[in-house]
Amino acid sequence: MKTTFRPMTYIGPSSLEQSQRGATLIIALVMLLLISLLAIGGMQGSLMQERMASSAHDGAISFQASETALRQGENDILNTLPTRLSAFGEAQLATPWGWDGNNPVSSGTGDAGPNVSAQPVYHLARLADVCPIEPGQPCFERYVTTARAQGGSDEAVTVLQTTVLLPPY
């Protein structure tokens with residue numbers, strides 16, 4: 001088998017190749033711009049999700065701190081006579097969700113640990129007596145406990161309220 005070699009001659013760029021110079025660069029830059037826009041959009045979405053998760057965590061800390069103060073207030077009203085006597089003359093909060101913890105003065109402070117921006121407070125007030133329908137039966141005293149707590153920041157605030165029914169003496 002015989003092979004023949006033919007020399008190739010260079011003719012030069014055609015007119016079609018000359019008109020397409022630089023088009024690849026422009027297409028590559030447009031693609032790079034599109035990819036950059038997609039990456040920026042993805043980063044903004046991730047940042048928003050991080051903020052939402054942080055806010056939910058802060059709200060959970062606030063709720064747990066408020067529950068801690070609520071349980072402390074219930075314990076005080078059930079087991080401490082001086083606390084019960086001071087709560088007997090205390091007025092109820094007109095708007096518990098608007099209570100700032102200072103006006104009126106809180107009845108006590110809970111201990112929620114170091115993760116909160118401020119320790120939770122609670123307010124105790126007497127509601128009324130609850131008497132059975134049957135005559136001669138003892139009446140029960142009913143108190144309301146309101147707790148206010150902040151989370152890791154002062155923006156997450158939780159106010160909880162419960163009613164405590166004391167057994168007759």
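Key figures for this structure:
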| read-out | value |
| --- | --- |
| Highest-first arrangement of 132-141, 50-59, where packing means the average Cβ count within 10 Å | 50-59, 132-141 |
| Highest-fluctuation residue, Gly152, Gly113, Gly101 considered, GNM on the chain with Cα pairs under 10 Å | Gly113 |
| Positive dipole terminus of the chain, leading residue within Phe88, Ser36, Ser46 (C-beta point charges) | Ser36 |
| For q = 0.10, 0.14, 0.22 Å⁻¹, Debye-computed log10 I/I(0) when each Cα of the stretch 56-166 counts as one equal scatterer | -0.30, -0.54, -1.09 |
| Size of electric dipole in the stretch 56-166: Cβ of Lys, Arg +1 and of Asp, Glu -1, about Cα centre, debye, nearest 20 | 160 |
| Rounded to 10°, Cα long-axis angle of helix 23-79 versus longest principal axis of the chain | 10 |
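No value in this document is a laboratory result; all are computed from the given coordinates. Predicted model only: the values in this text are computed from it and were never measured. Please note: Cβ atoms are built from the backbone with ideal geometry, for glycine as well, and neighbour counts cover all protein chains shown.
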